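Q: Just passing along the structure, written as structure tokens.
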Amino acid sequence: MIAAARKYSRFVGRCLACLFEGDWRYFLWVGALAAICALGLNAYARQLVHGLAITGMTDHVSWGVYIANFTFLVGVAAAAVMLVIPVYIYHNEDLHDLVIFGELLAVAAILMCLAFVTVDLGRPERF
């Protein structure tokens, strides 16, 4: 268990070191993505404080946007799982490394589904 934790911490350290390797275009791209994330976080923080009324959307529109994204991501997660299942059924070792990406996609889609449901609440502390 301790050896696995050490290996994992070395892996995370190497991944963090790779974040700071690249030319100016890479850092420009990462900076632009970070700025977009900061804008989105600010918008969600304002929505969290003031509720869904701050979006200017009616109840039906805001409900539809969040639930449509939730439904889409449930489909993405299901498709990722369906692509992974044959590799396990047929014990195909050649595609086993590819399965990890499918599983990660499914987990990421499920986490986004949970995030959309939480955002759809408007004021999650009232949940």
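The values are calculated or read from the model by the stated rules, or taken from the named source; none is laboratory data. Since the structure is predicted, the reported quantities are computational estimates derived from the model, not experimental observations. Counting neighbours? That spans all protein chains shown, and the Cβs are built from the backbone with ideal geometry, glycine included. Accessible surface areas use protein heavy atoms only, side chains included; no ligands, DNA or RNA. Shrake-Rupley method; radii C 1.70, N 1.55, O 1.52, S 1.80 Å.
Q: Across the stretch 97-127, which residue is farthest from V49 (Cα to Cα) among those that are touching a residue at least 24 places away in the same chain (Cβ under 8 Å) and in a loop (DSSP other than H, G, I, E, B)?
A: G122
Q: Is it the case that A68 is closer than 19 Å to L52 by Cβ and in a helix (DSSP H, G or I)?
A: yes
Q: Read through the list (1) under 16 Å from the mean Cα position of the chain (by Cα); (2) farther than 29 Å from V99 by Cβ, then give the number of the only condition that G75 fails.
A: (2)
Q: Continuing with this model, one more query. Somewhere in the stretch 89-96, is a residue open to solvent by less than 90 Å² (accessible area, probe 1.4 Å) and part of a helix (DSSP H, G or I)?
A: Yes: the stretch 89-96 contains one or more residues that are open to solvent by less than 90 Å² (accessible area, probe 1.4 Å) and part of a helix (DSSP H, G or I).
Q: What number goes with the only condition from (1) open to solvent by less than 100 Å² (accessible area, probe 1.4 Å); (2) hydroxyl-bearing (S, T, Y); (3) more than 18 Å from the chain's Cα centre (by Cα) that Y8 does not pass?
A: Every condition holds for Y8 apart from (1).
Q: Now, a different point. Under 30 Å from E125 (Cα atoms) and open to solvent by 100 Å² or more (accessible area, probe 1.4 Å): is that true of L111 in this structure?
A: When the stated conditions are applied, L111 passes them.
Q: In the stretch 16-29, which residues are open to solvent by 60 Å² or more (accessible area, probe 1.4 Å) and either of a type in the set (F, W, Y) or assigned to a helix (DSSP H, G or I) (or both)?
A: The answer is L16, C18, F20, W24, R25, Y26, F27, L28, W29.
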